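In what follows, a structure is listed as structure tokens, so that the remarks can point back to it.
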Amino acid sequence: MRLEGIDLLRGMAVSAVIIYHFFVILGLINSPIFPYIHSFGLFGVSLFFVISGYLIYRSVDYSISSRGIKIGLKNYMSHRLFRILPAYYFNFAIVFIMATFIIASDYLYSFSFFKQVLSHLTFFSYFIYKDAGLGINGAYWTLSIEMLWYMVAPLLFIYIKKDRYLVLLFIMSLLYLLGLDLSFYDIIFDLKKNTSHYILELFYLSFQLPGQLIYFLAGIFIYKYLYKQISISATSKYIYSIFIIVLFIYITSQYNINKSFLVNNLFILFTVATLFILLYHSKPKWMRTLEWIGKISYSLYLWHMPILFVMNKSHILEYLSLFEAAVFFLILLFSISTMSYYFIEEGGFNLRKKLEEKIKKRATACEGKL
């Protein structure tokens, strides 16, 4: 059963990420509204992770419960791979071509560049987060974490039968974030407090799977225990949602909760999990545009940073006003992303269906011979 509010939530998440990156990549961080925009960057990715926690565990449950472990896992993995890989590899091919024209030749033919390309092709780029996306598409780092989660979720479903172990994993994730606050990992990761990039390195460590596991697990808990709609009116849901978002933006812009990775992530988790619970069964007619944005959100996420990168390199704000640049960006982004969705993403869906039909026909033919 398709949940109507998921695309709405995806639309909110990808919109938040795109707005944040628009300001950052085009060098608008000194804008008076940027403290509020910065909140969007914190909000968007975390909401995506809660959505993934819910949907992926739901997908594993359905596949294994209906078809058994062996066939169910094959079905689950084929759905995931055909969902992610076609659009990702096409996008990466374009990014790689762009990189060959931009990156200095001595680095282009170096082992470091080869290692980075290989890590992106195999979704291990979170191990070399400092150079994610060949310097052009930093969005790849979250896809690495997503792919790792796709591997972990079936293991949790198959081997962890008691919820107290999921709670233990949740607590361990919180302790990991607390360890960053207390500088426990400085020796392990060779971090130096007196360097200018120390906080940035801690920030990247907080975004690895151990630190982000709280969001994925929150999605699992919602799936397992909150499968019914909460009994409040649709109007009340939207009012509460707007209030939560405004409160989140105000607190994160006025108070430096980023000083504590634990406090920061707990507050973000409370915000995005509450929004998910309020809206994942909803489908407001007046938000169909946002729902459509959610439908093509994966393509939007893949393409927005390369487009902004080119706009930044071409110094577009020297030729266009901020409003004109925003309109140009949105037209280009939605044009490319829509084509990517309908020709590449849906192409992957159709290819998967054709392969599944062939497998079924072969299985039927073999049974007939026997």
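The values are calculated or read from the model by the stated rules, or taken from the named source; none is laboratory data. No experiment lies behind these values; they were computed from the predicted model shown. Neighbour counts run over all protein chains shown; Cβ positions are idealised from the backbone, glycine included.
Quick notes on this structure:
- Taken over the range 22-48, residues that are crowded, with 20+ Cβ neighbours inside 10 Å and hydroxyl-bearing (S, T, Y) amount to 2.
- When F329, F276, F334 are checked against the criterion of being farther than 30 Å from F101 by Cα, surrounded by 15 or more Cβ atoms within 10 Å (Cβ to Cβ), at pLDDT 80 or above and not basic (K, R), F276 stands alone in meeting it.
- The condition of being of a type in the set (F, W, Y) and either touching a Leu at 6+ places or on another chain (Cβ under 7 Å) or crowded, with 20+ Cβ neighbours inside 10 Å (or both) holds for only one of F261, F221, F243, F267, that being F261.
- Residue count for the range 47-86, restricted to those that are modelled with pLDDT of 95 or more and small (G, A, S): 2
- Count - residues of the range 133-148 that are under 13 Å from V45 (Cβ atoms) and assigned to a helix (DSSP H, G or I): 7
- Only one of the listed residues (I71, I51, I84) is more than 29 Å from I244 (Cβ to Cβ), assigned to a helix (DSSP H, G or I), in contact (Cβ under 8 Å) with a residue 60 or more places away in the chain and of a type in the set (V, I, T). That residue is I84.
- The residues listed here are L155, L108, L118, L182; of these, the one that is more than 25 Å from the chain's Cα centre (by Cα), farther than 29 Å from I257 by Cβ and surrounded by fewer than 20 Cβ atoms within 10 Å (Cβ to Cβ) is L108.
- Residue list for the range 113-138, restricted to those being at pLDDT 80 or above and small (G, A, S): S119, G135, G138
- Lone unmet requirement of (1) aliphatic (A, V, I, L, M); (2) buried (at least 20 other Cβ atoms within 10 Å of the Cβ); (3) within 21 Å of I25 (Cα to Cα) for I102: (2)
- Close pairs from the range 174-197: first touching a residue at least 40 places away in the same chain (Cβ under 8 Å), partner surrounded by 12 or more Cβ atoms within 10 Å (Cβ to Cβ) and in a loop (DSSP other than H, G, I, E, B), Cβ under 7 Å, at least 6 apart: D181/S260
- For the range 8-21, the set of residues classified as surrounded by fewer than 23 Cβ atoms within 10 Å (Cβ to Cβ) and not aliphatic (A, V, I, L, M) consists of G11, S15, Y20, H21, listed by residue number.
- In the range 227-251, the residues that are more than 17 Å from M287 (Cα to Cα) form Cβ pairs under 6 Å with partners that are modelled with pLDDT under 90 and surrounded by 14 or more Cβ atoms within 10 Å (Cβ to Cβ), at six or more places apart or across chains, as follows: Q229/H281; I249/Y36; I249/S39.
- So S299, is it over 30 Å from Y341 (Cα atoms) and either more than 20 Å from the chain's Cα centre (by Cα) or at pLDDT 95 or above (or both): no
- Some residue of the range 253-262 being at pLDDT 90 or above, out of contact with any strand residue (DSSP E or B) (no Cβ under 9 Å at 6 or more places or on another chain) and not in a helix (DSSP H, G or I): yes
Here's the yes/no breakdown for (1) more than 30 Å from Y88 (Cβ to Cβ); (2) of a type in the set (G, A, S); (3) assigned to a loop (DSSP other than H, G, I, E, B):
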site	(1), (2), (3)
Y238	yes, no, no
I244	yes, no, no
L269	no, no, no
L275	no, no, no
G294	no, yes, no
